[in-house]
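Data first, discussion second: the structure below is written as structure tokens.
The values are calculated or read from the model by the stated rules, or taken from the named source; none is laboratory data. Owing to the predicted nature of the structure, the values given are computational and were not obtained by experimental measurement. Neighbour counts run over all protein chains shown; Cβ positions are idealised from the backbone, glycine included. Heavy atoms of the whole protein, side chains included, go into the accessibility calculation; ligands, DNA and RNA do not. Shrake-Rupley method; radii C 1.70, N 1.55, O 1.52, S 1.80 Å.
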Amino acid sequence: QVQLVESGGGLVQAGESLRLSCAASGRTFSNNVMGWFRQAPGKERVFVAHISGSGSQTYYADSVKGRFTISRDNAKNTVYLQMNRLKLEDTAVYYCAARTGRWGATATWEYAYWGQGTQVTVSS
């Protein structure tokens, strides 16, 4: 069992930055591929980024590539999402997720564990 708790969301203006954190407890953290997803009002939850257990591999959705950076600190059981140059369309609830197994999963059903989400609102 893995418990995930996100933090760091808030209200920012377009062009600003925000860093999300996700603290994990339970099973061995470094065994888990960690992902970030987001869900805008009235829309489906979609993939944002994920990172391998060692942190050596990362992958991003095209919509955030070059602006967002996912990282992890296995000593702290924490994964981060650094979000720069935020846009209005980045407004969403951001969810942290964990899975065991192969790296490369981008579908929600491939992740067994989810946090409660943290709201990110970008204003003009």
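Here the Karplus curve 6.51 cos²θ - 1.76 cosθ + 1.60, taken at θ = phi - 60°, turns the phi angles of segment 84-90 into couplings of 10, 6, 5, 10, 4, 6, 7 Hz, with x standing for Gly and Pro.
Rg and Dmax of segment 5-113, both derived from C-alpha coordinates alone, stand at 13.1, 38 Å.
Other residues with beta-carbon under 15 Å from the beta-carbon of Gln57 carry, at +1 per Lys or Arg and -1 per Asp or Glu, a net charge of +4. Entry note, the chain: relative contact order of 36 percent, from Cα contacts under 8 Å with a spacing of 6+ residues. Calculated accessible area for the chain comes out at 49 Å² per residue, all protein chains present (probe 1.4 Å; ligands, DNA, RNA ignored).
Once backbone amide H atoms are built at 1.01 Å from N, Thr91 has Val122 as its partners under 5 Å, excluding neighbours fewer than 5 places away on the same chain. Applying 0.36 nm per residue to the separation of Ala107 and Ser7 and subtracting their alpha-carbon distance, the gain on full extension is 33.8 nm.
Run the accessible area of the chain with a 1.4 Å probe and give the carbon-and-sulfur part as a rounded percent. Intermediate results must be reported in sequence, preceding the final value.
Working: 2880 of 6100 Å².
On the chain, the fraction of accessible area on carbon and sulfur atoms equals 47 percent.
Scaled against the 2.2 N^0.38 Å expected of a compact globular protein of N residues, the Cα radius of gyration of segment 2-50 reads 1.36. Scaled to the globular estimate 2.2 N^0.38 Å, the Cα spread of segment 59-124, given as radius of gyration, is 1.20.
Stretched out straight at 0.36 nm per residue, the stretch from Ser54 to Thr100 would grow longer than its current Cα-Cα span by 15.3 nm. Local charge sum around Ser21 (other residues, Cβ-Cβ under 14 Å, Lys/Arg +1, Asp/Glu -1)? Net local charge, Ser21 excluded: +1.
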